[in-house]
Amino acid sequence: MKYIAAAAMLLASTSVFAATHTVEAGPDAQERLQEALIIAEPGDTVEIGAGRFELTDGLSLDVANVTVRGAGPDASILDFSNQVGSGEGLLVTSDDVVLRDFAVENTRGDGIKSKEADRIVYHNIRVEWTRGPHPDNGAYGIYPVESTHVLVDGSTVIGSSDAGIYVGQSQQIVVRNNNVHYNVAGIEIENSFYADVYDNVATHNTGGILVFDLPSIPQVGGHSVRVFRNFIHDNNTANFAHEGNIVATVPAGMGVMVMAHRNVEVFNNIMADHGSGNILLVAYPNDYDDERYNPYPLNVTIRDNLYGPAGYNPDFDGGAELQAALGGQLPPIIWDGQGSGIRVSDDIGVLSLGLTRLRQPFQEAQPAPADLSEGEGSAELQAVVLPDSMEAALR
């Protein structure tokens, strides 16, 4: 019996039989790389060699517990400049996947998308559209959605026409140590539960970090997001999103924007040099037909941040007139006046636009300084703790 038990333990351990499938750059790289992703078994590694891989179609992985690893984001480059279809560069639909140490360039659609892929790790990835900001760039760079336990760490995204790092309809999320620039939104957490966004650098985007909740999608009621210890500066790039996308409403020159989300903490960040404002708190601005949806920001705490210049070039309807009325510069925090439980304990100016109903025209705004120091705010949120296996994948 002891031999049978030993054999069972051996078979249960995928690492005993783990293989490494190495793919080098060169002719037929598309076919060889996709084949490696197909034949990989749980516990295997697909190793992307150094060099530029010229690819014409998207790649996909649907095998669980696989690591896809390159020689570094400046060494192993998946180049989709000649991509025929409009899909993502890499699509992952399996659990316990680690993506690390390679680059994805110039996809026609999203850079890397993972859907319903639990316990997924993105580490030391670069996604870039090398022509810079352009409306025809892919919408999302790193794009995990509908997942539980997501880690995006130490990665760089440049040039997304929607969000550089976007995590949507997910829960138990950590986004840390990343650099995002020249995207419309640097980082966006949307319709998600329990997210920590920290130690990131967001610069030269239209908006630095967004926390949004939207109607009419499967998971609504986003809550419990902490945005802290980030360096958010000079996010003044003109908005180049396609008209009709919700991020097309983000004013250029915005540091942090919270829309219709609840239980949000924004603390210990450095925010500076934003033409519209360092922080914007707003209700959802469009019509909707979703009985589950609450369009207002609720229970938001802003504390212990450091602020630099803001509000000197507002990029929203009525902003120039408001700027002139206030003598040339808006306060660094702007609230549309809707929602409840908002607390700002920082000793910094807050401007309320005095709006009292959804979709109210700006011409009816009643702007005035606001004292939100006595607001209820969010209950103190706990840190997101990911499974040990995800942290171990970084070592």
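We did not get these values from a lab; they are worked out from the coordinates using the rules stated. Just so it is clear, the structure is predicted and the values come from calculations on it, not from any experiment. FYI the Cβ positions are ideal-geometry reconstructions off the backbone, even for glycines, and counts take in every protein chain you see.
Report relative contact order for region 244-340 in percent, whole number only (criteria: Cα-Cα under 8 Å, sequence separation at least 6).
35
Cα extents of region 118-392 along the three principal axes, largest first, in whole Å?
Principal-axis extents of the Cα atoms in region 118-392, largest first: 53, 41, 38 Å.
What FRET efficiency, computed as 1/(1 + (r/R0)^6) with R0 = 56 Å and r the Cβ-Cβ distance, is obtained for Glu116 and Ala324, rounded to the nearest 0.05?
So, using R0 = 56 Å, E works out to roughly 0.65.
Per-residue counts of other Cβ atoms within 10 Å, averaged by peptide: what ranking do you get for 257-268, 34-45, highest first?
257-268, 34-45
Could you work out which residue, out of Leu90, Leu351, Leu326, moves most in a Gaussian network model of the chain, that is, has the largest mean-square fluctuation with Cα springs under 10 Å?
Comparing Leu90, Leu351, Leu326 in the GNM, the peak value goes to Leu326.
Subtract the Cα-Cα distance of Arg32 and Leu386 from 0.36 nm times their separation in residues, and report this length gain in nm to one decimal.
Net length gain for the segment: 124.1 nm.
Classify region 287-357 as rounded, prolate or oblate from the Cα gyration tensor: take a ≥ b ≥ c as the square roots of its eigenvalues, call it rounded if a/c is under 1.5, otherwise prolate when a/b beats b/c and oblate if not.
The shape class here is oblate.
If R₀ is 35 angstrom, what is the calculated FRET efficiency for the pair Arg131 and Ala379, using the beta carbon separation as r and rounding to 0.05?
Computed FRET efficiency for Arg131 and Ala379 comes out at 0.20.
Please list the non-local residues whose amide H lies under 5 Å from the amide H of Val150, H modeled 1.01 Å from N, same-chain partners needing a gap of 5 or more.
Amide H neighbours of Val150, under 5 Å, 5+ apart: Ile173, Val174.
Once you have a ≥ b ≥ c as the square roots of the Cα gyration tensor eigenvalues for region 160-205, tell me rounded if a/c is under 1.5, and otherwise prolate or oblate according to whether a/b is larger than b/c.
Verdict is oblate for region 160-205.
Given labels modelled 7 Å from the Cα in the Cβ direction, how far is it in nm from Ser60 to Thr22?
That separation, rounded to one decimal, is 2.9 nm.
Rounded to whole Hz and in sequence order, give me ³J(HN,Hα) for region 324-329 from the Karplus expression 6.51 cos²θ - 1.76 cosθ + 1.60, θ = phi - 60°, writing x for Gly and Pro.
So the J values, rounded to whole Hz, are 5, 5, 9, x, x, 7.
Going by the alpha-carbon gyration tensor, a ≥ b ≥ c the square roots of its eigenvalues, is region 179-218 rounded (a/c under 1.5) or, if a/c is not under 1.5, prolate (a/b greater than b/c) versus oblate?
Here region 179-218 falls in the oblate category.
Go ahead and estimate [θ] at 222 nm for the chain from helices alone: -39,500 (n - 2.57) per DSSP H run with n ≥ 4, summed, over the residue count, rounded to 500.
-2500 deg cm²/dmol
Using modelled backbone amide H atoms (1.01 Å from N, in-plane), which distant-in-sequence or interchain residues come within less than 5 Å of Glu88's amide H?
HN-HN under 5 Å from Glu88: Asp110.
Anyone know which of Gly222, Gly168, Gly132 comes out most mobile in the 10 Å Cα GNM of the chain?
Greatest mean-square fluctuation among the candidates belongs to Gly132.
Just going by the charge dipole of the chain, with Lys and Arg at +1 and Asp and Glu at -1 on Cβ, which of Thr148, Leu91, Asn183 is farthest out on the positive end?
It is Thr148, whose Cα lies furthest towards the positive end.
With a 10 Å cut-off between alpha carbons and a GNM built on the chain, which of Arg69, Arg100, Arg131 moves the most?
Answer for the Gaussian network model of the chain: Arg131.
How high is the FRET efficiency between Asp347 and His242 when r is their beta carbon distance and R₀ equals 30 Å, given to the nearest 0.05?
0.15
Please give the charge dipole size of region 118-392, origin at the Cα centre, charges +1 on K and R Cβ atoms and -1 on D and E Cβ atoms. Round to the nearest 20 debye.
260
If packing is taken as the average count of other Cβ atoms within 10 Å, what order do 21-30, 307-316 fall into, highest mean first?
The densest-packed peptide leads the list: 307-316, 21-30.
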